[in-house]
1. Which numbered condition in (1) closer than 13 Å to V142 by Cβ; (2) assigned to a loop (DSSP other than H, G, I, E, B) is the only one that F83 fails?
2. Read through the list (1) surrounded by fewer than 12 Cβ atoms within 10 Å (Cβ to Cβ); (2) farther than 30 Å from A69 by Cβ, then give the number of the only condition that F128 fails.
3. Within region 77-120, can you find the residues that are out of contact with any Phe, Trp or Tyr (no Cβ under 7 Å at 6 or more places or on another chain) and of a type in the set (G, A, S)?
4. Return yes or no: is D98 surrounded by 12 or more Cβ atoms within 10 Å (Cβ to Cβ), within 23 Å of N50 (Cβ to Cβ) and free of Cβ contacts under 8 Å to residues at least 40 places away in the same chain?
5. Quick test of your reading of the structure: E57 fulfils all but one of (1) part of a helix (DSSP H, G or I); (2) touching a Leu at 6+ places or on another chain (Cβ under 8 Å); (3) not basic (K, R). Name the failing condition by number.
6. Any idea how many residues of region 92-113 are assigned to a loop (DSSP other than H, G, I, E, B) and closer than 15 Å to L43 by Cβ?
Amino acid sequence: MKKILMLVGITLLIDSSVLLAQNTFPECSEPEISVVGKRINLLGENYDLNRYSSEAELTLVIRNNCTVAVSAWRAVFTFIDPFGDEMFKVQLTSGKADIRPRDTEVARFTWEDNQFLSDEPYDYLSSFDAGNIAIVVEEIRVVH
């Protein structure tokens with residue numbers, strides 16, 4: 001009896017790991033997603049739109065490097081200024097992504113200007129053109 005139960009346990013363990021590997025590691029070019037375009041739009045106060053402080057809107061074009069669709073993604077983005085210094089690091093998530101294999105989507109993120117704090121994302125994004133900022137993407141997690 002013990003041998004049969006042990007054999008069944010091993011079989012289930014092997015089958016589970018195969019399923020996990022199939023669901024977690026679809027055929028992808030590394031990394032699973034990448035930034036292929038970016039734009040920074042500075043938005044001033046507009047009370048008619050309920051915008052009571054200035055905002056920096058970051059638009060990223062995210063590419064799915066996998067052969068299966070991506071339905072959600074999360075990654076840590078490090079923003080580097082033109083002199084090679086790290087400006088800030090932030091974890092961004094798109095929980096309702098719909099990126100077909102090898103296709104792109106636009107993701108927008110907004111930061112408000114906090115006039116009482118410095119060294120916030122708004123301060124950095126408003127100080128440089130998008131073309132002068134490098135973005136390093138790390139700790140990528142995707143849902144297929």
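1. Condition not satisfied by F83: (1).
2. Condition (1) is where F128 drops out.
3. Within region 77-120, G84, G95, A107, S118 meet the criteria.
4. Working: surrounded by 12 or more Cβ atoms within 10 Å (Cβ to Cβ): yes; within 23 Å of N50 (Cβ to Cβ): no; free of Cβ contacts under 8 Å to residues at least 40 places away in the same chain: yes.
Criteria not met by D98.
5. Exception for E57: condition (1).
6. Our first condition is that a residue be assigned to a loop (DSSP other than H, G, I, E, B); within region 92-113, this holds for 95-98, 100-103, 113.
Now drop any that are not closer than 15 Å to L43 by Cβ, which leaves 113.
Total meeting the criteria: 1.
Just so you know, all these numbers are worked out from the coordinates, no wet-lab data involved. This is a predicted model, so every value here is computed, not measured. For neighbour counting, all protein chains shown are included, and Cβ atoms are generated from backbone atoms with ideal geometry for every residue, glycine included.
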